[in-house]
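Since the structure comes first, as C-alpha cells, the remarks are kept for the end.
The values are calculated or read from the model by the stated rules, or taken from the named source; none is laboratory data. Remember, predicted model here, so these are calculated numbers, not experimental data. Using ideal geometry, Cβ is built from the backbone for each residue, glycine included, and neighbour counts are taken over all protein chains shown.
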Amino acid sequence: MTVKIVQRDDLGVVVVALVGELDLDSAPILRAVFSDLLDRGQFRIVVDAGELGFCDSVGLSALLLSHRACATQGGFVRLARVGAVLGNLLAMVGLAEVLACYDTVAAAARGDEGQRSAQPARHRLS
C-alpha cells in the first residue's frame, strides 16, 4: 500500500490518500501515519479511498480506531471515493454510519450530507 498525505488548508483537513491494499501487512503503516498526524494536532482527516483495491478487518480496525481518537479531540476521520469492496465491508459489519463515506474529498471535508455515498444494503445470513 502507498500512502500520500496532503495538507488541504483550503478545506481545513489533512487528506490521506491510499493506493493498493489495506490489510494485515499494511495496516501498521496506516496506524503510524495516523499516530503522527494526531501527535501534530491534526484531528480533521479525510481518507481518499478512491484507489484502495482491498481492505480487510485489520485495515478497517485501523480506520475505526483513528476515527475514535480524532473524535475525542473534536475531529473526525471521514472516507471519500469509497469503492465497492470497502463500502460492502463497512455495510456488512455495521460501520457504514460510523465511518461516514462521501462522494468527494471536498464533500467529506465539509461533512456535506447531500453528497454522502450511497451505502450498499447489509447482507443477511439466511
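Scanning segment 22-44 for residues that are farther than 23 Å from V93 by Cα and aromatic (F, W, Y) turns up at least one hit. Scanning segment 40-81 for residues that are of a type in the set (D, E, K, R) and within 21 Å of D9 (Cα to Cα) turns up R40, R44, D48, R78, R81. For A32, the test of being exposed (fewer than 14 other Cβ atoms within 10 Å of the Cβ), part of a helix (DSSP H, G or I) and hydrophobic (A, V, I, L, M, F, W, C) is passed.
Checked against the criteria, F34 does not count as over 14 Å from V3 (Cα atoms) and among the aromatic types (F, W, Y). The residue of segment 53-90 that is surrounded by the most Cβ atoms within 10 Å (Cβ to Cβ), among those that are closer than 16 Å to C101 by Cα and of a type in the set (D, E, K, R), is R78.
From the list S35, S61, the lone residue that is touching a residue at least 24 places away in the same chain (Cβ under 8 Å) and among the hydroxyl-bearing types (S, T, Y) is S61.
Whether any residue in segment 64-78 is modelled with pLDDT under 95 and of a type outside the set (K, R) is what I want to check. Before you say what the answer is, go through the steps one by one.
So in segment 64-78, the residues modelled with pLDDT under 95 come out as none.
So far as segment 64-78 goes, no, none of its residues is modelled with pLDDT under 95 and of a type outside the set (K, R).
Note on segment 96-118: among residues that are surrounded by 16 or more Cβ atoms within 10 Å (Cβ to Cβ) and assigned to a loop (DSSP other than H, G, I, E, B), the one that is modelled with the lowest pLDDT is S117.
Here is a check on your reading of the model: is G87 part of a strand (DSSP E or B) and farther than 19 Å from V6 by Cα? So G87 fails the test.
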